[in-house]
Amino acid sequence: MSHIQQLNINLEGIGSILKSRRFVVPAYQRSYAWESDHVEALLDDIKDAINNNEKEYFLGSIVVTKSDGGRYEVVDGQQRLTTVSLIVSAIKEIFRDQEDEEVVQSIQKDFLSNTDRRTKEKEPKLVLNEIDNEIFQEIIDSYSNLEGKVFKKLSHKKLIDASRFCFSFLTNMAATERDFEESLHTWLDYIESSLKVILVTAPDDSNAFVIFETLNDRGLELATSDLVKNYLFHKSAGKLEETKNRWLTMVAVLEATTEEPLIVTYIRHLIMARYGLVREKDLFSFIKTKIIGQKAALKFSSELADTARTYSALMNTDHEFWADYDWEAKKAVATLNLLGMTQIRPLLLAILSKFSKREALQTLKKLVSTAIRYQIVGGAGGGTLEKSYAETAKAITEEKVISSSEVIQSLKNVPGDSAFKAAFEIATVSKSKIARFYLAELDAASNGGVEKVANSDVNKVNLEHILPQTPDEYWGKLFSKDDVNEMVNRLGNLAIIASKANSEVGNMPFYDKKNIYASSEFILTKEISSFQSWTKEDIQTRQKRMADIAVKHWSL
């Protein structure tokens, strides 16, 4: 334990900590993550503690290191420090509404920010990371800054929502008290002295990361991404800055792809591409068994940074990554995304890492066929598919599987032609974008592979239900309610049609619709005009023709 003997541990009120010190959240830390229900739980607990005359309420631990600039770097605890600052700021704003400017200035100076007497610039008590800090400072400066505020990041929305919730909660709470202003002063006193945290001050990052794994944020278990990050930082020892920079590179690439939390999913998929199936709940424990020592930590952090670009390209087919690939590779990945096949990404990472561009293209095209077969036939749950994809990815990484044909052979229970054809003949598709995709692909296959339009562009092509979704009296005579429920979303009852024409046909009788179908540029839609009627049997007949095309088009 000699390496952590210099830790300084104090039990203090969190408000007192904000009054007496200045904090900064380093760039590598995650952004604000608390939802409104976490904020509400904290406010309810403080309210109950005050009403029950509890002398103390323990809020957990905060781990910091002291930087050269006099600010303490927050290793763990930014969610609590930030939320408490928002609570204090909300109390300040309520006093501002009461036009008690003297109290407003006192709260601002004590808990939120003061002014440097030389530069006359505002010195915040708490500075968040580069993503969140600007909007956080605006919020704690004045609640009016929230009006009409457009957030750019998910964390910005969470900060704004938390601030609004605090203001509303405390306004309503104080309004029920006999002495409105005194109740708010009581809250400030309690936050300053009785809302206790254990403040752990470490001499450097390395010491802080040693104890990080044992701590939990209030209301949120430590994010797996935080656990992995700080474990890598700790193991990197003297190469800490290299690992920090690689982590920041990874985060920047992923955040440029989507605003949704993606780090844990990405890390898990990268691990699965190397080692096979790992559940999210086991991810951190698994990483600790594989990443042992400085060399392994540095190598893995490098892999995280380098592979993030490839992972980003799997989600965004406009990514410049695809410039070196045939356009069909990009189309295949876009199709897998359309089908919602996120569990296939570990396998895609392995393929793009190990296969030549030509072999990768052939494999991607075949994986589209397998994905469609899995979805149409059903029976293979998401967990089963994920395991199968992960095992194949591991085999590719270990160079036990080295070609597209071997990839398909290694996958489990891929439906054969007969099973696929039988399932396709009765397939129902309720999602319009998926139905448009199937129909456009089948139409192109009927036309020598030529696509008439981009199948996802609803401004050009729309989905037509020949038997309408809301049948009128004419259609009601042909189909019972049970028949409508059974047949309306069958692929045989669906057609792609120019959007303008789609708005015209509506509930027209079939003999009127036929004339519009006859002039369609889409082969499968045009063929509908050859039917003399439109019954259950006609829908089934058309869908059997589609199934014949599907087996050939999505062959293995």
* Does residue 8 satisfy the condition of being surrounded by fewer than 20 Cβ atoms within 10 Å (Cβ to Cβ), modelled with pLDDT of 85 or more and not β-branched (Val, Ile, Thr)? -> no
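Table: residues versus (1) more than 30 Å from residue 259 (Cβ to Cβ); (2) surrounded by fewer than 19 Cβ atoms within 10 Å (Cβ to Cβ).
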position: 292; (1), (2): yes, yes
position: 308; (1), (2): no, no
position: 322; (1), (2): no, yes
position: 327; (1), (2): no, yes
position: 332; (1), (2): no, no
position: 350; (1), (2): no, no
position: 359; (1), (2): yes, yes
position: 366; (1), (2): yes, no
position: 376; (1), (2): yes, no
* To do: Scan the range 86-142 for residues that are surrounded by 13 or more Cβ atoms within 10 Å (Cβ to Cβ) and among the hydroxyl-bearing types (Ser, Thr, Tyr) and jot them down.
  => 89, 106, 113, 142
* Candidate set from the range 360-390 (those that are in contact with a helix residue (DSSP H, G or I) (Cβ under 6 Å, 6 or more places away or on another chain) and either polar (S, T, N, Q) or not in a helix (DSSP H, G or I) (or both)); member that is modelled with the lowest pLDDT -> 380
* For the range 157-164, state whether one or more residues are among the small types (Gly, Ala, Ser), assigned by TED's automatic domain parsing to the domain that holds residue 185, at pLDDT 90 or above and within 30 Å of residue 260 (Cβ to Cβ). => yes
* Asked: Is the range 111-121 home to any residue that is closer than 30 Å to residue 231 by Cα and in a strand (DSSP E or B)?
  -> no
* Asked: Can you tell me how many residues in the range 396-436 are modelled with pLDDT under 95, within 17 Å of residue 276 (Cα to Cα) and basic (Lys, Arg)?
  -> 1
* Structure fact -> Filtering the range 70-95 down to residues that are more than 18 Å from residue 43 (Cβ to Cβ) and either in contact with a Leu (Cβ under 6 Å, 6 or more places away or on another chain) or without any contact (Cβ under 8 Å) to a residue 40 or more places away in the chain (or both) yields 76
* Quick one: in the range 69-85, which of the residues that are over 24 Å from the mean Cα position of the chain (by Cα) and farther than 25 Å from residue 171 by Cα is surrounded by the most Cβ atoms within 10 Å (Cβ to Cβ)? -> 74
* Scanning the range 510-524 for residues that are surrounded by 17 or more Cβ atoms within 10 Å (Cβ to Cβ) and closer than 9 Å to residue 498 by Cβ, which turns out nearest to the chain's Cα centre (by Cα)? -> 522
* All but one of (1) modelled with pLDDT of 95 or more; (2) out of contact with any helix residue (DSSP H, G or I) (no Cβ under 7 Å at 6 or more places or on another chain) hold for residue 393; which doesn't? -> (2)
* Restricting to the range 143-162, what's the tally of residues that are crowded, with 19+ Cβ neighbours inside 10 Å and under 21 Å from residue 76 (Cα atoms)? -> 5
* **Filter result for residue 241 (surrounded by 15 or more Cβ atoms within 10 Å (Cβ to Cβ), among the acidic types (Asp, Glu) and in a helix (DSSP H, G or I))** => no
* Structure fact -> Residue set 103, 39, 75; condition in the same structural domain as residue 16 (by TED's automatic domain parsing) and not in a helix (DSSP H, G or I); output residue 75
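The values are calculated or read from the model by the stated rules, or taken from the named source; none is laboratory data. If you're wondering where the values come from, they're calculated on a predicted model, not measured in any experiment. In this analysis, Cβ positions are derived from the backbone assuming ideal geometry, glycine residues included, and neighbour counts consider all displayed protein chains.
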